[in-house]
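A quick write-up on the structure given underneath.
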């Protein structure tokens, strides 16, 4: 089980945060709590909207460099395929 946070930020100001858990290839929304996630993605509101609409894939945003990552890179490469297949990982 891996914990991933998505932080939507503008000019270094956090606007919203979403947490998902990836386990056995399934992605499930979770509650943000005091535990530190293994991977944190930071993205702009524009990219967050595109991901929510299904117009932008998480992997593409990461590879373009428009979505930044912090945390364990081994976990990143483990969860990235599942995150790319998950619809509405940032909610609707």
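The values are calculated or read from the model by the stated rules, or taken from the named source; none is laboratory data. Everything numeric here is computed off the predicted structure, so don't read it as measured data. We place every Cβ from the backbone using ideal geometry, glycine too, and count neighbours over all the protein chains shown.
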Residues of region 41-61 that turn out to be surrounded by 16 or more Cβ atoms within 10 Å (Cβ to Cβ), out of contact with any helix residue (DSSP H, G or I) (no Cβ under 7 Å at 6 or more places or on another chain) and over 14 Å from residue 18 (Cβ atoms), as a count: 2
Selection from region 53-77 of residues that are more than 16 Å from residue 5 (Cβ to Cβ) and outside any loop (DSSP other than H, G, I, E, B): 53, 59, 60, 63, 64, 74, 77
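So if I check each of 83, 90, which one is buried (at least 18 other Cβ atoms within 10 Å of the Cβ), under 12 Å from the mean Cα position of the chain (by Cα), assigned to a helix (DSSP H, G or I) and at pLDDT below 90?
On the way: 90 fails: assigned to a helix (DSSP H, G or I).
After applying the criteria, what remains is 83.
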Enumeration of residues in region 21-36 that are part of a loop (DSSP other than H, G, I, E, B) and closer than 18 Å to residue 81 by Cβ: 24, 25
Of all residues making up region 7-16, the number that are modelled with pLDDT of 95 or more and either loosely packed, with under 10 Cβ neighbours inside 10 Å or within 18 Å of residue 75 (Cβ to Cβ) (or both): 2
